[in-house]
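The values are calculated or read from the model by the stated rules, or taken from the named source; none is laboratory data. Since the model is a prediction, treat every value here as computed from it, not as a measurement. Cβ sites come from the backbone with ideal geometry, for glycine too, and all protein chains shown count toward neighbours. We work out accessible area using only protein heavy atoms, side chains counted, and drop any ligands, DNA or RNA first. Shrake-Rupley method; radii C 1.70, N 1.55, O 1.52, S 1.80 Å.
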Amino acid sequence: MSDYNQAKADTFVQNQLQILNNAGIAIMISIGHQLKLFDVLAELPPSSSKEIATAANLNERYVREWLAAMVTGRVIEYDNGKKTYSLPQEYASTLTHKNYPNNLAVLMQFIPTLAQAEDKILERFKQGGGIGYAEYPKFHRVMAELSDQTVLAHLIETILPLNQDVVTKLKQGAYVADIGCGLGHAINLMAEHYPNSQFVGYDLCNDVVTEANQRAEKRQLKNVKYIEQDVANWKPQAEFDFITAFDAIHDQGQPAIVLENIVSALKDNGLFLMQDIKAHTNVHDNLENPVTPITYVISCLHCMPISLSQDGVGLGACWGKELAEDMLKDAGFSHVNVNELDHDILNYYYLARK
Ligand SMILES: C[S@@+](CC[C@H](N)C(=O)[O-])C[C@H]1O[C@@H](n2cnc3c(N)ncnc32)[C@H](O)[C@@H]1O
(Lines give C-alpha, C1' and ligand atoms only; values in the text may rest on other atoms or scores of the structure.)
Protein backbone atom coordinates (compact mmCIF):
# COMPACT_ATOMS: atom_id res chain seq x y z
CA MET A 1 0.00 0.00 0.00
CA SER A 2 2.63 2.47 -1.14
CA ASP A 3 0.14 5.25 -1.82
CA TYR A 4 -1.53 4.91 1.61
CA ASN A 5 -2.15 8.48 2.84
CA GLN A 6 -1.73 8.56 6.63
CA ALA A 7 -2.91 12.18 6.92
CA LYS A 8 -6.13 11.25 5.07
CA ALA A 9 -6.67 8.34 7.48
CA ASP A 10 -6.03 10.56 10.53
CA THR A 11 -8.48 13.21 9.32
CA PHE A 12 -11.07 10.49 8.74
CA VAL A 13 -10.67 9.25 12.34
CA GLN A 14 -11.22 12.81 13.60
CA ASN A 15 -14.34 13.08 11.43
CA GLN A 16 -15.65 9.78 12.75
CA LEU A 17 -15.18 10.94 16.34
CA GLN A 18 -17.03 14.14 15.53
CA ILE A 19 -19.86 12.13 13.98
CA LEU A 20 -20.06 9.92 17.08
CA ASN A 21 -20.13 12.88 19.45
CA ASN A 22 -22.64 14.81 17.35
CA ALA A 23 -24.97 11.83 17.01
CA GLY A 24 -25.02 11.48 20.79
CA ILE A 25 -25.53 15.20 21.32
CA ALA A 26 -28.43 15.14 18.82
CA ILE A 27 -30.22 12.62 21.08
CA MET A 28 -29.53 14.80 24.12
CA ILE A 29 -30.94 17.85 22.29
CA SER A 30 -34.04 15.81 21.43
CA ILE A 31 -34.42 14.93 25.12
CA GLY A 32 -33.89 18.53 26.21
CA HIS A 33 -36.51 19.69 23.71
CA GLN A 34 -39.14 17.18 24.82
CA LEU A 35 -38.57 17.94 28.52
CA LYS A 36 -38.54 21.71 27.83
CA LEU A 37 -35.11 21.99 29.47
CA PHE A 38 -33.96 24.60 26.94
CA ASP A 39 -37.02 26.73 27.71
CA VAL A 40 -36.27 26.52 31.42
CA LEU A 41 -32.59 27.38 30.91
CA ALA A 42 -33.45 30.32 28.65
CA GLU A 43 -35.52 31.87 31.46
CA LEU A 44 -33.06 31.26 34.31
CA PRO A 45 -29.94 33.22 35.26
CA PRO A 46 -26.79 31.01 35.42
CA SER A 47 -27.95 28.24 37.78
CA SER A 48 -26.85 25.06 39.52
CA SER A 49 -28.07 21.65 38.34
CA LYS A 50 -30.33 21.53 41.41
CA GLU A 51 -31.95 24.87 40.55
CA ILE A 52 -32.42 23.82 36.92
CA ALA A 53 -33.89 20.43 37.90
CA THR A 54 -36.25 22.10 40.37
CA ALA A 55 -37.39 24.68 37.82
CA ALA A 56 -37.98 21.92 35.23
CA ASN A 57 -39.58 19.61 37.80
CA LEU A 58 -37.14 16.82 36.88
CA ASN A 59 -34.74 14.44 38.63
CA GLU A 60 -31.51 16.30 39.49
CA ARG A 61 -29.13 13.40 38.85
CA TYR A 62 -30.41 12.93 35.29
CA VAL A 63 -30.45 16.67 34.66
CA ARG A 64 -26.83 16.98 35.87
CA GLU A 65 -25.64 14.22 33.51
CA TRP A 66 -27.58 15.79 30.63
CA LEU A 67 -26.00 19.17 31.45
CA ALA A 68 -22.53 17.59 31.38
CA ALA A 69 -23.19 16.17 27.91
CA MET A 70 -24.50 19.56 26.79
CA VAL A 71 -21.50 21.42 28.23
CA THR A 72 -18.95 19.13 26.58
CA GLY A 73 -21.02 19.23 23.39
CA ARG A 74 -20.69 23.06 23.50
CA VAL A 75 -24.44 23.64 23.67
CA ILE A 76 -24.57 24.91 27.26
CA GLU A 77 -21.92 27.02 29.02
CA TYR A 78 -20.47 26.16 32.43
CA ASP A 79 -18.93 28.50 35.01
CA ASN A 80 -16.40 26.24 36.72
CA GLY A 81 -15.91 28.65 39.67
CA LYS A 82 -19.59 29.09 40.49
CA LYS A 83 -20.66 25.62 39.24
CA THR A 84 -23.49 27.14 37.25
CA TYR A 85 -24.88 26.38 33.80
CA SER A 86 -26.32 28.80 31.25
CA LEU A 87 -27.77 28.70 27.74
CA PRO A 88 -26.41 31.58 25.60
CA GLN A 89 -29.26 33.57 24.06
CA GLU A 90 -27.67 33.04 20.62
CA TYR A 91 -28.17 29.28 21.09
CA ALA A 92 -31.59 29.63 22.70
CA SER A 93 -32.76 31.27 19.49
CA THR A 94 -32.79 27.88 17.72
CA LEU A 95 -33.59 25.63 20.68
CA THR A 96 -36.58 26.94 22.61
CA HIS A 97 -40.27 26.48 21.92
CA LYS A 98 -40.62 30.26 21.93
CA ASN A 99 -38.48 30.35 18.81
CA TYR A 100 -40.83 28.26 16.76
CA PRO A 101 -40.72 28.11 13.69
CA ASN A 102 -36.90 28.14 13.76
CA ASN A 103 -36.37 25.43 16.32
CA LEU A 104 -33.70 22.98 15.17
CA ALA A 105 -34.24 20.73 18.19
CA VAL A 106 -37.45 19.57 16.49
CA LEU A 107 -35.38 17.90 13.75
CA MET A 108 -33.06 16.18 16.25
CA GLN A 109 -36.03 14.11 17.42
CA PHE A 110 -35.95 12.12 14.17
CA ILE A 111 -32.75 10.35 15.21
CA PRO A 112 -34.08 8.55 18.32
CA THR A 113 -37.58 8.25 16.82
CA LEU A 114 -36.37 6.37 13.76
CA ALA A 115 -33.67 4.42 15.61
CA GLN A 116 -36.55 2.70 17.46
CA ALA A 117 -36.94 0.53 14.35
CA GLU A 118 -33.24 -0.40 14.11
CA ASP A 119 -33.68 -4.12 14.88
CA LYS A 120 -36.37 -4.46 12.22
CA ILE A 121 -34.22 -2.52 9.75
CA LEU A 122 -31.32 -4.92 10.38
CA GLU A 123 -33.60 -7.84 9.46
CA ARG A 124 -34.91 -6.08 6.34
CA PHE A 125 -31.38 -5.51 5.07
CA LYS A 126 -31.01 -9.29 4.97
CA GLN A 127 -34.49 -10.33 3.87
CA GLY A 128 -35.95 -7.28 2.12
CA GLY A 129 -39.51 -6.10 2.78
CA GLY A 130 -40.74 -3.06 4.64
CA ILE A 131 -41.84 -1.68 8.00
CA GLY A 132 -45.27 -0.23 8.76
CA TYR A 133 -46.17 2.93 10.68
CA ALA A 134 -46.97 0.88 13.83
CA GLU A 135 -43.23 0.34 14.37
CA TYR A 136 -42.65 4.10 14.70
CA PRO A 137 -44.92 5.08 17.61
CA LYS A 138 -43.68 8.67 17.86
CA PHE A 139 -43.40 9.37 14.15
CA HIS A 140 -46.70 11.18 13.53
CA ARG A 141 -46.19 13.58 16.46
CA VAL A 142 -42.60 14.42 15.48
CA MET A 143 -43.60 14.80 11.81
CA ALA A 144 -46.45 17.15 12.73
CA GLU A 145 -44.04 19.22 14.82
CA LEU A 146 -41.66 19.55 11.86
CA SER A 147 -44.50 20.42 9.48
CA ASP A 148 -45.71 23.05 11.92
CA GLN A 149 -42.43 24.79 11.18
CA THR A 150 -42.01 24.15 7.45
CA VAL A 151 -45.68 24.27 6.39
CA LEU A 152 -47.98 25.75 9.01
CA ALA A 153 -45.98 28.82 9.92
CA HIS A 154 -45.71 29.86 6.25
CA LEU A 155 -48.81 28.36 4.64
CA ILE A 156 -51.09 31.38 4.46
CA GLU A 157 -48.49 34.09 3.90
CA THR A 158 -45.98 32.35 1.61
CA ILE A 159 -46.89 28.87 0.37
CA LEU A 160 -50.46 29.34 -0.90
CA PRO A 161 -49.65 32.70 -2.53
CA LEU A 162 -47.25 30.82 -4.85
CA ASN A 163 -50.43 30.73 -6.92
CA GLN A 164 -52.74 33.72 -6.57
CA ASP A 165 -55.62 31.96 -8.41
CA VAL A 166 -55.70 29.37 -5.63
CA VAL A 167 -55.89 32.06 -2.95
CA THR A 168 -58.77 33.75 -4.79
CA LYS A 169 -60.61 30.44 -5.22
CA LEU A 170 -60.06 29.52 -1.54
CA LYS A 171 -61.60 32.84 -0.49
CA GLN A 172 -64.60 32.35 -2.78
CA GLY A 173 -65.15 28.68 -1.93
CA ALA A 174 -63.10 25.72 -3.14
CA TYR A 175 -63.26 21.98 -2.59
CA VAL A 176 -59.85 20.92 -1.28
CA ALA A 177 -58.19 17.59 -0.42
CA ASP A 178 -54.98 16.95 1.49
CA ILE A 179 -53.28 13.62 0.75
CA GLY A 180 -51.48 11.90 3.65
CA CYS A 181 -52.81 14.60 5.96
CA GLY A 182 -51.27 13.24 9.18
CA LEU A 183 -52.70 15.01 12.23
CA GLY A 184 -54.40 17.57 9.99
CA HIS A 185 -52.63 20.73 11.09
CA ALA A 186 -52.42 22.17 7.55
CA ILE A 187 -56.08 21.49 6.70
CA ASN A 188 -57.31 22.86 10.01
CA LEU A 189 -55.41 26.10 9.46
CA MET A 190 -56.72 26.47 5.89
CA ALA A 191 -60.25 25.65 7.04
CA GLU A 192 -60.10 28.36 9.68
CA HIS A 193 -58.66 30.88 7.28
CA TYR A 194 -61.00 30.12 4.36
CA PRO A 195 -64.46 29.42 5.86
CA ASN A 196 -66.16 29.43 2.41
CA SER A 197 -64.13 26.39 1.32
CA GLN A 198 -64.62 22.70 2.18
CA PHE A 199 -61.69 20.50 3.17
CA VAL A 200 -61.11 16.78 3.37
CA GLY A 201 -57.97 15.07 4.64
CA TYR A 202 -57.09 11.48 3.70
CA ASP A 203 -54.69 9.29 5.62
CA LEU A 204 -53.84 5.61 5.76
CA CYS A 205 -53.56 5.44 9.56
CA ASN A 206 -56.73 5.09 11.60
CA ASP A 207 -55.28 6.54 14.83
CA VAL A 208 -54.07 9.63 12.98
CA VAL A 209 -57.46 10.20 11.31
CA THR A 210 -59.24 9.82 14.66
CA GLU A 211 -56.95 12.39 16.28
CA ALA A 212 -57.24 14.77 13.31
CA ASN A 213 -61.06 14.65 13.53
CA GLN A 214 -60.90 15.29 17.29
CA ARG A 215 -58.63 18.30 16.77
CA ALA A 216 -60.97 19.75 14.11
CA GLU A 217 -63.96 19.21 16.41
CA LYS A 218 -62.18 20.92 19.29
CA ARG A 219 -61.58 23.93 17.05
CA GLN A 220 -65.27 23.79 16.03
CA LEU A 221 -64.42 23.57 12.35
CA LYS A 222 -67.52 22.70 10.36
CA ASN A 223 -65.85 22.69 6.92
CA VAL A 224 -63.36 19.85 7.57
CA LYS A 225 -63.45 16.09 7.66
CA TYR A 226 -60.78 13.41 7.88
CA ILE A 227 -61.19 10.02 6.25
CA GLU A 228 -59.15 6.84 6.59
CA GLN A 229 -58.24 6.02 3.02
CA ASP A 230 -55.37 4.41 1.15
CA VAL A 231 -55.03 6.94 -1.65
CA ALA A 232 -53.68 4.26 -3.98
CA ASN A 233 -57.26 2.88 -3.95
CA TRP A 234 -59.04 6.21 -4.12
CA LYS A 235 -61.18 6.97 -7.15
CA PRO A 236 -62.88 10.36 -6.99
CA GLN A 237 -63.66 11.88 -10.40
CA ALA A 238 -62.99 15.54 -11.18
CA GLU A 239 -64.30 16.79 -7.81
CA PHE A 240 -61.55 18.93 -6.32
CA ASP A 241 -60.34 22.44 -7.18
CA PHE A 242 -57.11 22.08 -5.24
CA ILE A 243 -55.19 19.12 -3.79
CA THR A 244 -52.20 19.32 -1.46
CA ALA A 245 -49.67 16.72 -0.29
CA PHE A 246 -47.15 17.80 2.32
CA ASP A 247 -44.22 15.40 2.43
CA ALA A 248 -46.55 12.56 1.56
CA ILE A 249 -45.76 11.36 -1.98
CA HIS A 250 -42.23 9.94 -1.80
CA ASP A 251 -43.15 7.35 0.85
CA GLN A 252 -46.19 6.08 -1.04
CA GLY A 253 -46.22 2.40 -1.92
CA GLN A 254 -47.56 3.22 -5.38
CA PRO A 255 -46.65 6.85 -6.05
CA ALA A 256 -47.35 6.67 -9.80
CA ILE A 257 -50.90 5.41 -9.16
CA VAL A 258 -51.44 7.99 -6.41
CA LEU A 259 -50.37 10.80 -8.75
CA GLU A 260 -52.74 9.48 -11.44
CA ASN A 261 -55.54 9.36 -8.83
CA ILE A 262 -54.80 12.97 -7.93
CA VAL A 263 -55.08 13.99 -11.60
CA SER A 264 -58.44 12.15 -11.84
CA ALA A 265 -59.66 13.73 -8.61
CA LEU A 266 -58.97 17.29 -9.82
CA LYS A 267 -61.43 19.30 -11.85
CA ASP A 268 -60.17 20.48 -15.25
CA ASN A 269 -57.49 23.09 -14.69
CA GLY A 270 -57.31 22.10 -10.98
CA LEU A 271 -54.04 22.54 -9.14
CA PHE A 272 -51.87 20.15 -7.12
CA LEU A 273 -49.39 21.50 -4.56
CA MET A 274 -46.78 18.92 -3.63
CA GLN A 275 -44.22 19.71 -0.95
CA ASP A 276 -41.48 17.09 -1.18
CA ILE A 277 -37.83 16.62 -0.30
CA LYS A 278 -35.28 18.96 -1.89
CA ALA A 279 -32.85 16.65 -3.66
CA HIS A 280 -31.62 15.57 -7.07
CA THR A 281 -32.34 12.08 -8.37
CA ASN A 282 -28.64 11.27 -8.86
CA VAL A 283 -26.82 10.86 -5.52
CA HIS A 284 -23.69 12.56 -6.90
CA ASP A 285 -25.66 15.77 -7.48
CA ASN A 286 -26.59 15.88 -3.78
CA LEU A 287 -23.05 16.07 -2.42
CA GLU A 288 -23.19 19.86 -1.89
CA ASN A 289 -26.69 19.87 -0.36
CA PRO A 290 -26.12 20.32 3.40
CA VAL A 291 -29.21 18.34 4.39
CA THR A 292 -29.10 15.30 2.10
CA PRO A 293 -27.10 13.14 4.55
CA ILE A 294 -29.95 13.37 7.07
CA THR A 295 -32.65 13.02 4.40
CA TYR A 296 -31.04 9.82 3.08
CA VAL A 297 -30.85 8.58 6.71
CA ILE A 298 -34.55 9.32 7.32
CA SER A 299 -35.31 7.70 3.98
CA CYS A 300 -33.44 4.47 4.74
CA LEU A 301 -34.83 4.18 8.28
CA HIS A 302 -38.40 5.24 7.50
CA CYS A 303 -39.66 6.52 4.11
CA MET A 304 -38.34 3.68 1.96
CA PRO A 305 -39.36 0.84 4.36
CA ILE A 306 -42.81 2.44 4.76
CA SER A 307 -43.29 2.26 0.99
CA LEU A 308 -41.89 -1.28 0.78
CA SER A 309 -44.27 -2.37 3.57
CA GLN A 310 -47.13 -1.65 1.16
CA ASP A 311 -45.55 -3.92 -1.50
CA GLY A 312 -44.38 -0.64 -2.89
CA VAL A 313 -41.64 0.66 -5.12
CA GLY A 314 -39.57 2.20 -2.30
CA LEU A 315 -38.81 5.47 -4.09
CA GLY A 316 -36.93 6.93 -1.14
CA ALA A 317 -37.16 10.49 0.19
CA CYS A 318 -34.44 11.71 -2.20
CA TRP A 319 -36.28 10.56 -5.34
CA GLY A 320 -35.31 14.00 -6.55
CA LYS A 321 -36.61 16.83 -8.66
CA GLU A 322 -35.82 15.22 -12.03
CA LEU A 323 -37.80 12.01 -11.34
CA ALA A 324 -40.58 13.92 -9.57
CA GLU A 325 -41.12 16.21 -12.57
CA ASP A 326 -41.17 13.21 -14.95
CA MET A 327 -43.62 11.32 -12.76
CA LEU A 328 -45.95 14.32 -12.42
CA LYS A 329 -46.01 14.69 -16.21
CA ASP A 330 -46.44 10.93 -16.76
CA ALA A 331 -49.41 11.00 -14.38
CA GLY A 332 -51.11 13.52 -16.66
CA PHE A 333 -50.30 16.97 -15.32
CA SER A 334 -49.99 19.44 -18.18
CA HIS A 335 -47.69 21.92 -16.49
CA VAL A 336 -45.30 21.61 -13.53
CA ASN A 337 -43.18 24.23 -11.84
CA VAL A 338 -40.80 23.78 -8.94
CA ASN A 339 -40.39 26.44 -6.26
CA GLU A 340 -37.81 26.91 -3.54
CA LEU A 341 -38.82 28.92 -0.48
CA ASP A 342 -36.32 30.68 1.77
CA HIS A 343 -37.79 29.33 4.99
CA ASP A 344 -37.52 25.66 4.02
CA ILE A 345 -34.13 24.12 3.23
CA LEU A 346 -35.59 20.62 3.28
CA ASN A 347 -38.28 20.79 0.59
CA TYR A 348 -39.32 21.87 -2.88
CA TYR A 349 -42.83 23.15 -3.57
CA TYR A 350 -44.15 21.73 -6.84
CA LEU A 351 -47.22 23.28 -8.45
CA ALA A 352 -48.79 20.98 -11.02
CA ARG A 353 -51.73 21.96 -13.21
CA LYS A 354 -54.18 19.36 -14.54
C1 LIG B 1 -44.43 11.98 6.12
S2 LIG B 1 -46.06 11.94 6.71
C3 LIG B 1 -46.65 13.60 6.37
C4 LIG B 1 -47.86 13.96 7.20
C5 LIG B 1 -48.38 15.39 7.01
N6 LIG B 1 -48.75 15.67 5.65
C7 LIG B 1 -47.37 16.41 7.49
O8 LIG B 1 -46.83 17.17 6.70
O9 LIG B 1 -47.10 16.41 8.71
C10 LIG B 1 -46.87 11.00 5.44
C11 LIG B 1 -48.32 10.74 5.75
O12 LIG B 1 -48.90 10.05 4.63
C13 LIG B 1 -49.73 9.01 5.11
N14 LIG B 1 -49.79 7.97 4.06
C15 LIG B 1 -48.78 7.20 3.63
N16 LIG B 1 -49.22 6.38 2.65
C17 LIG B 1 -50.52 6.67 2.45
C18 LIG B 1 -51.53 6.16 1.57
N19 LIG B 1 -51.25 5.21 0.69
N20 LIG B 1 -52.77 6.70 1.65
C21 LIG B 1 -53.04 7.68 2.54
N22 LIG B 1 -52.13 8.19 3.40
C23 LIG B 1 -50.89 7.69 3.36
C24 LIG B 1 -49.06 8.57 6.40
O25 LIG B 1 -49.92 7.89 7.29
C26 LIG B 1 -48.54 9.88 6.98
O27 LIG B 1 -49.46 10.49 7.82
- [ ] Rounded to the nearest Å, what's the spacing between the alpha carbon centres of the range 255-310 and the range 192-223? Just the number, please.
- [x] 24
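Obtain the radius of gyration and the Kirkwood radius of the range 47-163 from its C-alpha atoms and give Rg over Rh. Before the final figure, lay out the partial values.
Working: Rg = 19.1 Å, Rh = 17.4 Å.
In the range 47-163, Rg relative to Rh is 1.10.
Students often get this wrong, so check it: of Lys169/Lys354; Lys50/Lys98; Lys235/Lys267; Lys235/Lys354, which have C-alpha atoms separated by over 21 Å?
Working: Lys169/Lys354 16 Å; Lys50/Lys98 24 Å; Lys235/Lys267 13 Å; Lys235/Lys354 16 Å.
Distance filter (> 21 Å) returns Lys50/Lys98.
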Task: Added length on full extension, which subtracts the Cα-Cα distance from 0.36 nm per residue, Val167 to Arg74 - done: 29.0 nm
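What percentage of the solvent-accessible surface of the chain, computed with a 1.4 Å probe over protein heavy atoms, is contributed by carbon and sulfur atoms?
Numbers: 9350 of 17940 Å².
After summing per-atom areas, the C and S share lands at 52 percent.
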Open item on the list: Per-residue counts of other Cβ atoms within 10 Å, averaged by peptide: what ranking do you get for 324-335, 168-179, highest first?
Closed with: 168-179, 324-335
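Please work out whether the range 227-354 counts as rounded, prolate or oblate from its C-alpha gyration tensor, where a ≥ b ≥ c are the square roots of the eigenvalues and a/c under 1.5 means rounded, while otherwise a/b larger than b/c means prolate and anything else oblate?
Working: a/c = 2.08, a/b = 1.37, b/c = 1.51.
Note, shape of the range 227-354 comes out oblate.
If a/c stays under 1.5 just call it rounded; otherwise compare a/b with b/c (prolate if a/b is bigger, oblate if not). Do that for the range 6-100, with a ≥ b ≥ c from the square roots of the Cα gyration tensor eigenvalues. Could you put the intermediate results ahead of the total?
Details: a/c = 2.20, a/b = 1.86, b/c = 1.18.
Verdict is prolate for the range 6-100.
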TODO: Rounded to the nearest 500, what is the 222 nm mean residue ellipticity of the chain from helices alone, with -39500 (n - 2.57) per DSSP H run of 4+ residues and division by all residues?
DONE: -13500 deg cm²/dmol
Task: the range 89-181, relative contact order in percent, only Cα pairs under 8 angstrom and at least six apart counted - done: 23
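Defining a contact as two alpha carbons under 8 Å apart and six or more residues distant in sequence, what relative contact order in percent does the chain show? Walk me through the numbers on the way to the answer.
Values: 581 pairs, mean separation 44.1, N = 354.
Taking the mean separation of contacting Cα pairs over the length of the chain, I get 12 percent.
Assuming 0.36 nm per residue, please report the length gained on full extension of the stretch Arg141 to Phe125 beyond their Cα-Cα distance. List each step's numbers first, then the result.
Numbers: separation 16, 0.36 × 16 = 5.76 nm, distance 2.67 nm.
So the extension gain works out to 3.1 nm.
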- [ ] Would you calculate the separation in nanometres between label points at Asn57 and Asn15, each defined as 7 Å from the Cα along the Cα-to-beta-carbon direction?
- [x] 4.6
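Starting from the Cα gyration tensor of the range 115-353, take the square roots of the eigenvalues, sort them a ≥ b ≥ c, and report rounded, prolate or oblate (rounded when a/c is under 1.5, otherwise prolate if a/b is larger than b/c, else oblate). It would help to have the intermediate numbers written out before the result.
Working: a/c = 1.57, a/b = 1.32, b/c = 1.19.
Because a/c hits 1.5 or more and a/b exceeds b/c, the range 115-353 counts as prolate.
On average, how much accessible surface per residue is there in the range 115-353, in Å², for a 1.4 Å probe, leaving out ligands, DNA and RNA? Intermediate values should be presented prior to the final figure.
Details: 10730 Å² over 239 residues.
Result: 45 Å² of accessible area for each residue.
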Task: Zone residues, the range 167-188, relative to Thr158, backbone N less than 17 Å from point 7 Å out along Cα-to-Cβ - done: 186
